[in-house]
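The values are calculated or read from the model by the stated rules, or taken from the named source; none is laboratory data. Treat the numbers as computed from the prediction; the structure is a model and nothing was measured. Cβ sites come from the backbone with ideal geometry, for glycine too, and all protein chains shown count toward neighbours.
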Amino acid sequence: MTELKEILEALVFVHRVPLNAKTMENVLKDEYSAEEIRAALDALKEDYSGRAGVVELVEVAGGFEFCTREDMAEWIRKMDHFEHHRRLSRPALETLAIVAYRQPVTRPEIEAIRGVNVDGIMRSLAEKKLVRVLGRKDVPGKPLVYGTSTVFLEYFGLKKLSDLPSLQEFIDREELEGAVEEGVEEGDILPLGEEEKEPGEGEVTGESPEAEA
């Protein structure tokens, strides 16, 4: 068990994004079973949670990664480098909140809630891989339908979409302070109940295109 934990620790440490259990199983399938790997991961998580250090092994976005403890976040945010690369603008956060709680959602639907054009913001969120195209809505014009991505889960430290907090908790977080302004009331936002909420029949058709027609 000790050797397997050390192997898993090394694999997770060098992987730049959350490492899923299936990948670990494929790498180690000749030496260890899936059950042994899962047991070792659980033991490794316990090891880290029992330490006095600030690093934890967490399950996020469908995989495992090392993160600093949540109570260290306010100090990390004070670093200019972190702020520059990770912080989103208020309009971007507002738009992202709408996508997260209303998905699958079209750009016109987002604009109807925000009351402003969101072309540039949606492009920026897509470039950051925080939102993704799910397909097209089966209505006249067939607009693109958007949802959040696995990068979104990683960014906010979520294991799955159903782990999203209530809207009030979401916007109370320091990182999302002031994200939802006038025109976005709690009653306008629909909660999610599944990890990847699939569009209903007749709502989205076709592949996920790169740009709107």
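Details
- Residue within the stretch 29-51 that is modelled with pLDDT under 85, outside the structural domain of Asp163 (by TED's automatic domain parsing), of a type outside the set (Ser, Thr, Tyr) and under 25 Å from Ser162 (Cβ atoms) present: no
- Residues of the stretch 107-126 satisfying the condition of being in contact (Cβ under 8 Å) with a residue 40 or more places away in the chain and in contact with a Phe, Trp or Tyr (Cβ under 8 Å, 6 or more places away or on another chain): Arg107
- Subset of the stretch 136-194 (residues that are at positive phi and at pLDDT below 50): Gly178, Gly183
- Any hit, the stretch 28-43, residues being without any contact (Cβ under 8 Å) to a residue 12 or more places away in the chain and either of a type in the set (Val, Ile, Thr) or touching a strand residue (DSSP E or B) at 6+ places or on another chain (Cβ under 6 Å) (or both): no
- Verdict on Glu94 being at pLDDT 90 or above, among the charged types (D, E, K, R) and part of a helix (DSSP H, G or I): no
- All of Val58, Val99 fail the test of being β-branched (Val, Ile, Thr) and at pLDDT 90 or above, apart from Val99.
- Residue ID - nearest to Arg69 (Cα to Cα), chosen from residues in the stretch 1-28 that are among the basic types (Lys, Arg) and modelled with pLDDT of 90 or more: Lys5
- Within the option set Arg77, Arg16, being under 22 Å from the mean Cα position of the chain (by Cα) and surrounded by fewer than 11 Cβ atoms within 10 Å (Cβ to Cβ) holds for one residue only, Arg16.
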